[in-house]
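The values are calculated or read from the model by the stated rules, or taken from the named source; none is laboratory data. Note that the coordinates shown come from a computational prediction; the quantities given were computed from them, not determined experimentally. Because the Cβ atoms are built from the backbone with ideal geometry, glycine has one as well, and the counts that use them run over all protein chains shown.
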Amino acid sequence: MTFNDRIFGVLMIVLAVAYGWGASQLPEPFGGSEAVGPETFPLLLAAVLGLSSLYMIVRPDPDNAWPWNRTGLELIIAIVVLVLYAMLLQPLGFIISTLLAVGTLCWRMGARPVNAFVTGGVAGVVVFLLFNFGLDLALPLGLLSFLEVS
Amino acid sequence: METLGFLMDGFAVALQPQNLMFGLFGAFLGTLIGALPGLGPANGVAILIPLAFTLGLPPETALIMLTAVYAGAMYGGRISSILLNIPGDEPAMMTCLDGYPMAQKGKAAEALAISAVASFMGSLIATVGLILLAPMLAKFALTFGPAEYFALFLLAFATLGGITGKNPMKTVVAAAIGLMIATVGIDSTGVQRFTFNVLELYEGIDFIIAIVGLFAISELLFFIEERAGSGKEKITVNKLKLSFKEIMHIMPTSFRGGVLGFIAGVLPGAGASLGSFISYTLEKRLLGRKGFFGQGDPRGVAAPESGNNGASSGALVPMLTLGVPGSGTTAVLLALLISLNITPGPLMFTQNADIVWGVIAALLIGNFLLLLLNIPMVGIFVKLLSVPPMFLLPIVTMVAFVGIYSISNTTFDLYFMVVFGVAGYIFRKLEIPLVPIILGLLLGPEMEKNLRHALDISDGDWTILWNSGLAIGLWIFAALGLILPYVVGPILRRRMRQQVGEASSTSD
């Protein structure tokens, strides 16, 4: 099967066209236009990407299988965990969010839940202490801010 | 001897207690990174860049530390090749051929020690080569004009896939994507390009975020998919019994390997895997009948190791003198230079002489440190090999988060990193190489600057790009870099596989 490269090639051609159109709409720089403007290099890139993507469509490589089964679900879980980690880092604080994120990732990768979350907690506390006291860099405390000693 | 004086100054920089300490720390960390499965050198250096910033290290210290990490990672790659028959990275593949049979015969400690000595020799020879060649090349590069630089950047992209690369067109696609990402932001004439009025995009996309996302996060996703969750079986290493005579026995091999590796490292498009491959096959041909290659010949361990370490030091030559990296890891080191506000290239040798020579001296000192570190402490590294990735990779991910967060204390960057991670996973599935994307991000602004400059000089006449002999030569090499993989690539790849195939069938 050779769908992957073809689909990706089509998407990239769309990108190249959109990008090239965007570049041609760029305003003229202050002081009038010169031989080469801000749009020259992007237009060149759009052409290169378009042509090389066309080649991918015409002569695609064989596909690597996508994980449509349970593994795919695990991947989605991992991505969701990463997004939530980024989202909750400030409100929950570094230690709690790390406990949850690293713990969940270890657990989903096959560690026993207790071990997983202990690892997450220990890693969170150690890195927090290292950064805040060793390197003088404030990571957010979040919910644990009542512990703060100033 | 002007060079010698500079080198002495370099030693003065590298031997300052703080720099020496961070160099040692980097060497240790690097060996660890190289030894751990799934953490290649490029990946390891990338994760450590933001941390080097948060530590607030002065530029030369940061660079010395990360150069030591780079050298250490090349040392570390061999540990899992020898003990587990799993190469830590691609260049270490050839080390498996004789290293693993040696370990099976109960001579793991000897194999590790020999590979450490050979690595040391390879790096030493290549570092000497670097000291001799780099200043000359830098002087030559001063004659380059903008048109030549533009052609040189093209050459870098064209040869990045390497002669053994699979599909050069995918390298082109990747490079175009990287360069496109680099155009986001306000350009040199003050025009906003592709910012969509998002404030965070005005200054462009920070390549460090992209690098960490593409490498570290996509690695996590790949590991989850392969379900390589549990640790490797425990390996015991015997007590070391290595005589001076045995060390001398591998010296000629290591020397040849180092020289060949250095040449492969300097040439665009060859790289460390080819360096270790060439030096192994040459050694086999040279000593074929007298040796027992493939069944645990010590020289079969020494040859690829010295070749691969020679190549990794050789790869620093084009990176330092021309600002054009020849491999993924040197691309990441280039990222570090740019973010330290040092413009790599020939001018660096005059403007930042202390830094360049400090790094070169650090490379020499780092090699001694690594040799000292590696022979007695190999037991510790072996123990770390049995840390299961299911604990390791989440922690590495956390370190990546902390590093990126500490750059600007915003979560916007973290989302961006995750997006790059998912994109990296998809690219790797499609076998689109990640390194040209990163190189595009790094070189994009310089490349555009040189193109504009050249065309401004010629008043819009595009023929200026191939108007000098030098530029034409660069264009020809760039074209060859794209065409040769179609011709020579399949043959070379088949040969490499044959070697590995033969060895595994004889050792089973």
Which numbered condition A:Ala46 fails, given (1) under 24 Å from the mean Cα position of the chain (by Cα); (2) outside any helix (DSSP H, G or I); (3) farther than 24 Å from B:Met417 by Cβ: (2)
So for the stretch A:11-23 (the condition being hydrophobic (A, V, I, L, M, F, W, C), at the interface with chain B (Cβ under 9 Å from one of its Cβ atoms) and either farther than 30 Å from B:Thr397 by Cβ or part of a loop (DSSP other than H, G, I, E, B) (or both)), does at least one residue qualify? yes
Sort through A:Gly121, A:Gly110, A:Gly142 and tell me the only one that's touching a helix residue (DSSP H, G or I) at 6+ places or on another chain (Cβ under 6 Å), surrounded by fewer than 21 Cβ atoms within 10 Å (Cβ to Cβ) and within 21 Å of B:Phe222 (Cβ to Cβ). A:Gly110
Being modelled with pLDDT of 85 or more, buried (at least 23 other Cβ atoms within 10 Å of the Cβ) and under 25 Å from B:Phe277 (Cβ atoms) narrows B:Ala174, B:Ala151, B:Ala147 down to just B:Ala174
Scanning the stretch B:7-27 residue by residue, those crowded, with 20+ Cβ neighbours inside 10 Å and within 30 Å of B:Pro388 (Cα to Cα) turn out to be B:Phe22, B:Gly23, B:Gly26, B:Ala27
So if I check each of B:Pro388, B:Pro394, which one is in contact (Cβ under 8 Å) with a residue 40 or more places away in the chain, touching a helix residue (DSSP H, G or I) at 6+ places or on another chain (Cβ under 6 Å) and within 9 Å of chain A (Cβ to nearest Cβ)? B:Pro394
All positions within the stretch B:193-212 that are facing another protein chain (nearest Cβ under 10 Å) and in contact with a Phe, Trp or Tyr (Cβ under 7 Å, 6 or more places away or on another chain): none
For the stretch B:264-364, please list each of the helices (runs of 4 or more DSSP H) lying entirely inside it that holds at least 1 residues being surrounded by fewer than 23 Cβ atoms within 10 Å (Cβ to Cβ). B:271-287, B:316-322, B:328-339, B:348-351
Hey, can you tell me all the residues within the stretch A:61-78 that are more than 7 Å from chain B (Cβ to nearest Cβ) and assigned to a helix (DSSP H, G or I)? A:Arg70, A:Gly72, A:Leu73, A:Ile76, A:Ile77
